[in-house]
Every structure is written in structure tokens, then in C-alpha cells.
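The values are calculated or read from the model by the stated rules, or taken from the named source; none is laboratory data. Please read all numbers here as calculations on a predicted model, not as lab measurements. No Cβ is skipped: glycine too gets one built from the backbone with ideal geometry, and neighbour counts run over all protein chains shown.
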Amino acid sequence: MTRPLNPTLFTSLKLGEVIPAGWLKNQLETQKEGLSGHLDEFWPDIMDSEWIGGKAEGWERFPYWLDGVIPLAFLIESKFLIEKVERYINYILDHQHNDGWFGPSKWGKEPNYDVWPNMILCKAFIQFFEVSGDKRIIPALIAYYRKLNDIIDEYTLGNNWAQIRWMDCVWGIHWLIDYLSENNEITAFLLALAEKIRNQGYNWKEHFDNFFYIHFKKDPYAEIIYSNGILTPEDSYNEQSGKIIRKYDLRSHVVNNSMGIKSSTIWSRQSGNEEESNAIFTAISMLDNYHGQATGMFSGDEHLTGKNPSQGTELCSVVEYLFSLETVIPIIGCKPKCVSLIDRLEKICFNALPATFLPDMWAHQYDQQVNQVQAKRVRKPIYTTNGKDSNIYGLEPNFGCCTANMHQGWPKFVEYGLWAKDREGLVCLAYAPCKISTNISDIRIEIHEITSYPFSDTIDFSLHLSKSINFSMKFRIPEWSIKPTIQINQEQPITCEPGDFFNLSRIWKDGDHIKLKIPAEVEEERRYNDALILKRGSLLFSYNPREEKSEMSRWSKSAALRKNNPSLKIPPKVRDWEVYPRNQWQYALVEPVTAKFITLDENIKNFHNFNNKFPPVKLIVEAIKIENWDLQFDAASPPPLHPKGNTGLVEEIELIPYGCTNIRITEFPTIKR
Ligand SMILES: [Zn+2]
């Protein structure tokens, strides 16, 4: 008898029970107005996908797009996007094969056909079911899982994407088991299927426990080799003989690692193994230690590539890291260590995610850099294996996976990242303006979370209840907060402990009001080459040189698409852009650093999206222009250890939120006053 699943400690609210407000709603509206809402009207790989009877790509791209636009459509109640989503879901359901398979069916003809894309489609279906209650979805999923079971008996998951990304499939199966919530033949079958998939899948626990990808080097043929147990990256090339060397492959792939961090914790629900549940923390610390970036992400362009702030991080890995955290947080539950995961969720979401789009979200990058002094097609890329146009802003820089997969970032943050339930009541995870409507013990509860956080330190909650009810509300108190307090109505404020959850349990009545204050200070952190970053709360700050945006023509994929398909109705905003600095970016910060933090209330009030024209907050710091810092591979060379001021003149410069910049310096060398 297969053991049942351990329950998650938090339950996510259903899609639609939390809806965005304030600046967050503006951000999602911007996303809808941009590529996300229109990709299916002109981009062949979505518009003409094999998934909906077309002739273009029939693999991961269509399910990726659906997985992001389903929550987007319903969170902002966009009629036009909901209609699209329903049309496509109907098509896929209506064309489910008699044997249960969804979408293009190739595994019969191609024994090596990779079943990965259907794992994404299940995530999309689950979200659609939660918001619509569509009665066709559950039987369709069960039929599909029975077919998948037959296929992997015959073909196995192989050595491909499905084998590496198996945990996304198990997450979907576990969702279905939770939904069915009884022990019967179907749930026993699903548990056995999940176990089979896990056994055929890549062992991520072993991957992070004995992390191999510590040193890497490009060899003369531009291939990447990794070596374990060697002291310096240089040695790894010179002394290969007798050492363990591994070429880059799916195991060092950045997106796979972003997805892989969640695998053992997800699996722990079925194994009941506490050590597996905690494996997320080992995974994160290995990636931080050897490839960590200031944004809370790690480098990978397209493979793990160290801590230099000029290396790239792929957009797919940003949204997948967020989703990994969102799936793991409910399993870890109300423990202090979970606070670190939610702190990171905010950090990635408020910095790495917005930075890698142009403000109107009509263009995105493949790779973003923490020190990104220009975004241009280069001659010889710094990246491990990514191409010359990886950091330009456009429709499809380098490769189209991010064009298809980027949509899930913001919507899933609202859906899974903000609120959850536990056995005693509600849990507030990440903070952002929103409204929740749900039931506790059949009592209707509505909470308005009113805040401009992360651009302010105060979050107000007002409760609207159909009648008074006793339940608990738990609030995450970030590790970085200084003297946080919480106040109910006009009562005396209570001091909270940073790095833990604070529990308020009482009989709540209609009209109750809670005020949470989580003040922050500007913090310094030393990073690569002893360079310094400045952060405050969950925001990271960057110097944004005056920038010039220039439209690409010669190498532009959007221009080529237009030229080669004159009948396509491509929106005029679909363009590819390079961004150049128009003044010097080579600054060292003056130590000791005195940073003046300024809130720009008008920009907060009129927030439309993350952009550099109207930043909601800024820092003023002292800096000196330096001469010994230049370009290398058309990117900023590592921040110099011994910066030389060219005049010694101390200037005041402005730093703005990382997420507001298109080009930037974030990791600075420093000069003593
Ligand atoms: Zn991608």
C-alpha cells in the first residue's frame, strides 16, 4: 500500500480569491497591455501552435503561455483575455485523444519524444479549474495521467527535459490527490504514478548535496567545462588530467536548476522524509555560494556561471525560481526558516523580474546582468553558451522560451505568494496591495491590504466580515526589518520578532483594522571582488546612467518576422531595442557610505509600472568617477579591487530601484574618503 500524502502546512487560496490592487494591479494591467495579452495574435509559435491545430511549434511554448495568461486574465478580470483563454482550453479539451493524451501526440512515432510540455499544461489546467470549476478538467486529467503511466512504462522519461523537470509533473499529481481527498483506486494509482516518475527522474537531492558545479571555464572551443575539487577556476583548465571534469549539459542548465530546487521538498510530501523537506535550503545555499547574484537569483547564461555581476541570468530562470519558492513555502509552513524563502520571493519579484522588461512590457531580455552597462548585440559574448543578442530588449532575444514562459511571474506571485490558509486561519506571506475574499467556517471574509509596499514600510489591513469570528492571522516579519510593530485598531502597538511569523488570534469583528510597520535601513553587502551593494528592505539600488534607446534593424527578430510575414498583424510596439549609456558609469562609492533615502510620493501615487523616469524611491550617495574600470566582452569588467579616482572629486549620485532600470551598476567598487 502506497503511503498517503502529508498535507501541506499552508493551503494556497484559490485563483481569484486574492486580487491585486494599487501599484500591483497597474503592473498586471501593463502586462496585459503588453506582449502577454497579444502574443497569440501574431507570434507564430503561439498563434499557429500545433496545440491548437496549427503548424508551428507544438512543444512547450503554447502551454507556457497559457500557464501565465490564465492567472493574469482572471486576476484583473480581463474579459478579452478570459475569452481567449476559454477558447484555447476548449480546443485542447475537445481534442483530447481517445487514449487520454493531450496536444500533439508524437511519442508513438518518436520513441524519444519528450513528454515535458504536458507537465506544463497540467499546471495551466489546474489554475483554470480553480477559477472556473469546469467539470471537464478533473476527468480529463485522470485520463491523461493513465496514458502517461502507460507511456513511461514503455519509453521511460528518457534523458531529456521531462527526466530533469519531473517534479513539475509530481506537483500536478499531488494537487489532484489533494483535490480528490479520499483514498480510493484513483488516488492509489496517482501515488504510484508519482513514485514511478520520481524514480525515473533526475536525482536533484544528490545534485545539490554533492554539488559539482563549483568551478567552470570556457575552453578554447567556447565549450564550458566544470570541475569539482579544484582550487581556482584557472586550475580547472590547466590541470584537467586526473581531475573530475564535466561538460555543460542539462544538469548545469540555469532553468533546470531554478526548477530543481523544489524537487526534494515537493517529494517529501510523499516520502514523509524531513531531510528531503529541508533540501530546498541546501539547494539555495549551493547556488548562492557559487553562482549567487545580488538579486537573490543566480547566474546562468545558459549554464551556471559564477558570481561575476556581469554574467547573465535568464528570464525563464527568474520566473521558475519564483514558482519553485511558491510551491515550497506551503510545505515548509509557519517556521522561521520559511521567512527567508518569502523574503527571497519578494527580492526576486521586486528586482530581477521587473528589471528584465522594458517598462511597457512589450520587450524583454533573455539574460539580465546585475552590472549591465549596455544592452546590445555584442561581437563576442561574455555568456557561457548564450548568443550575441541575449541582453537586448525585444520580442525573442536569443531564444523564444522566455517569450513564451515569462508571463507567469507577476500573476503567480499574486496567486500563490501573497496569502495562504493554515489550520487556524490566514497567513500573510509576501506583502503588496491586494484584496482577498474567502470563507473561514462558512463566514465570508474580505480583507483590503492597503499599502505602497515595498516603496513604504507600512501595511494596513481592513477587515470586512459577515459576522464576528475567531481565527488566527499570521504575519511574516522579514529578517531585515528593524523594530517591527503591529497594531490592532487603537490598541497599543506590539513589537514583533524579525525573521519569524507573528500570530494574532482573537475574535475579529467587521471593521477591525490592523497596521503592520516593518521599517528597514539601508544595508551594505560585500560581493564579487569585494564590490559593495546597497539595499533597503526587499529593494536593491542601482546607478542608472542616462540612457539612449536605439531600435535594432539589421539583426532584429521582430523586424525579420514583419518582413517575412507581411500578412501578420504585428502590433507596432513589437520592436527590438539596444540601450546605451550616455554618460560615465564607472563610479566607486565613497566609504564610509552615507546614503540618504528619499520617498517620491507623487511617483508612488501615480505608479504605472517599474520605470526609470518616475522611480518611487531613491538613494543619494557619494561617489567618485574612476578610470581603471572598462568593458570586457562588451560588458562591465569585474569591479576593480583598487579603483583609481580620475579627479578625486566627490559627487552626489542618485541610485534608483534595480527593477526600474534598463542599464545599471549595482555592485560598486569602493574608495575610502
Ligand atoms: Zn527562457
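Could you list, in sequence order, the residues of region 538-589 that are polar (S, T, N, Q), in a helix (DSSP H, G or I) and crowded, with 18+ Cβ neighbours inside 10 Å? If you could, list the steps in order and put the result at the bottom.
As a first pass, look at region 538-589 and keep what is polar (S, T, N, Q): 538, 542, 544, 550, 553, 556, 558, 564-565, 567, 583-584, 586.
Filter once more, keeping what is in a helix (DSSP H, G or I): 558, 564.
The one that is polar (S, T, N, Q), in a helix (DSSP H, G or I) and crowded, with 18+ Cβ neighbours inside 10 Å: S558.
Return yes or no: is L465 surrounded by 17 or more Cβ atoms within 10 Å (Cβ to Cβ), farther than 30 Å from D360 by Cα and away from the ligand (no atom under 16 Å from the Cβ)? I'd like the intermediate steps shown before the answer.
Working: surrounded by 17 or more Cβ atoms within 10 Å (Cβ to Cβ): yes; farther than 30 Å from D360 by Cα: yes; away from the ligand (no atom under 16 Å from the Cβ): yes.
Answer is yes for this residue.
Would you pick out the residues in region 284-303 that are crowded, with 24+ Cβ neighbours inside 10 Å, under 16 Å from the mean Cα position of the chain (by Cα) and either β-branched (V, I, T) or outside any loop (DSSP other than H, G, I, E, B) (or both)?
The answer is L287, T295, F298, G300.
If you go through region 419-429 one residue at a time, do you hit one that is surrounded by fewer than 22 Cβ atoms within 10 Å (Cβ to Cβ), within 16 Å of the ligand (Cβ to nearest atom) and not β-branched (V, I, T)?
no
Could you identify the single residue in K644, K596, K625 that is under 30 Å from P433 (Cβ atoms) and basic (K, R)?
Working: K644 fails: under 30 Å from P433 (Cβ atoms); K625 fails: under 30 Å from P433 (Cβ atoms).
After applying the criteria, what remains is K596.
Residue under question is F597, and the condition is that it be assigned to a strand (DSSP E or B), within 17 Å of S542 (Cα to Cα) and of a type outside the set (S, T, Y); does it hold?
Working: assigned to a strand (DSSP E or B): yes; within 17 Å of S542 (Cα to Cα): yes; of a type outside the set (S, T, Y): yes.
Criteria met by F597.
With S271, S236, S317 as the choices, which residue is surrounded by fewer than 24 Cβ atoms within 10 Å (Cβ to Cβ) and modelled with pLDDT of 95 or more?
Details: S236 fails: modelled with pLDDT of 95 or more; S317 fails: surrounded by fewer than 24 Cβ atoms within 10 Å (Cβ to Cβ).
None of the other options fit; the residue is S271.
Give the residue, chosen from G260, G300, G296, G272, that is within 16 Å of the ligand (Cβ to nearest atom), small (G, A, S) and farther than 25 Å from K380 by Cα.
Numbers: G300 fails: farther than 25 Å from K380 by Cα; G296 fails: within 16 Å of the ligand (Cβ to nearest atom); G272 fails: within 16 Å of the ligand (Cβ to nearest atom).
Of the residues listed, the single one that is within 16 Å of the ligand (Cβ to nearest atom), small (G, A, S) and farther than 25 Å from K380 by Cα is G260.
Within region 130-150, identify whether any single residue is over 27 Å from R87 (Cβ atoms) and out of contact with any Gly (no Cβ under 7 Å at 6 or more places or on another chain), and answer yes or no.
Yes, region 130-150 contains a residue that is over 27 Å from R87 (Cβ atoms) and out of contact with any Gly (no Cβ under 7 Å at 6 or more places or on another chain).
Please identify the pairs in which a residue from region 340-363 that is over 17 Å from Y543 (Cα atoms) has its Cβ atom under 6 Å from the Cβ atom of a residue that is of a type in the set (V, I, T), counting only partners at least 6 apart or on another chain.
As it stands, the answer is L341/I329; L353/V318; M361/T30, since those pairs meet every condition given.
Would you check which residues across region 517-543 are touching a strand residue (DSSP E or B) at 6+ places or on another chain (Cβ under 8 Å) and of a type in the set (S, T, N, Q) and list them?
Selection gives S542 alone.
Return the pair list, or none, for Cβ contacts closer than 7 Å from residues in region 73-99 that are farther than 23 Å from Y144 by Cβ to residues that are among the basic types (K, R) and at pLDDT 95 or above, at least 6 apart or on different chains.
Qualifying pairs under 7 Å: I76/K25; I76/K32; S78/K32; L81/K32.
Which residue, of K563, K573, K569, K605, is out of contact with any Pro (no Cβ under 9 Å at 6 or more places or on another chain), farther than 27 Å from L315 by Cβ and not β-branched (V, I, T)?
Working: K563 fails: farther than 27 Å from L315 by Cβ; K573 fails: farther than 27 Å from L315 by Cβ; K569 fails: farther than 27 Å from L315 by Cβ.
From the options K563, K573, K569, K605, the qualifying one is K605.
I want to confirm something. Restricting to region 356-406 and keeping residues that are hydroxyl-bearing (S, T, Y) and away from the ligand (no atom under 12 Å from the Cβ), which single residue is surrounded by the most Cβ atoms within 10 Å (Cβ to Cβ)?
Per the stated criteria, the residue is Y383.
Can you confirm whether region 411-419 contains a residue that is over 30 Å from L35 (Cβ atoms), touching a residue at least 24 places away in the same chain (Cβ under 8 Å), in contact with a strand residue (DSSP E or B) (Cβ under 7 Å, 6 or more places away or on another chain) and part of a strand (DSSP E or B)?
no
Taking W629, is it assigned to a loop (DSSP other than H, G, I, E, B), of a type outside the set (A, V, I, L, M) and over 26 Å from S538 (Cα atoms)? Let's see the steps before the verdict.
Working: assigned to a loop (DSSP other than H, G, I, E, B): yes; of a type outside the set (A, V, I, L, M): yes; over 26 Å from S538 (Cα atoms): yes.
Considered against the rule, which asks whether it is assigned to a loop (DSSP other than H, G, I, E, B), of a type outside the set (A, V, I, L, M) and over 26 Å from S538 (Cα atoms), W629 comes out as yes.
Of all residues in region 580-600, count the ones that are free of Cβ contacts under 8 Å to residues at least 60 places away in the same chain and more than 31 Å from the chain's Cα centre (by Cα).
3
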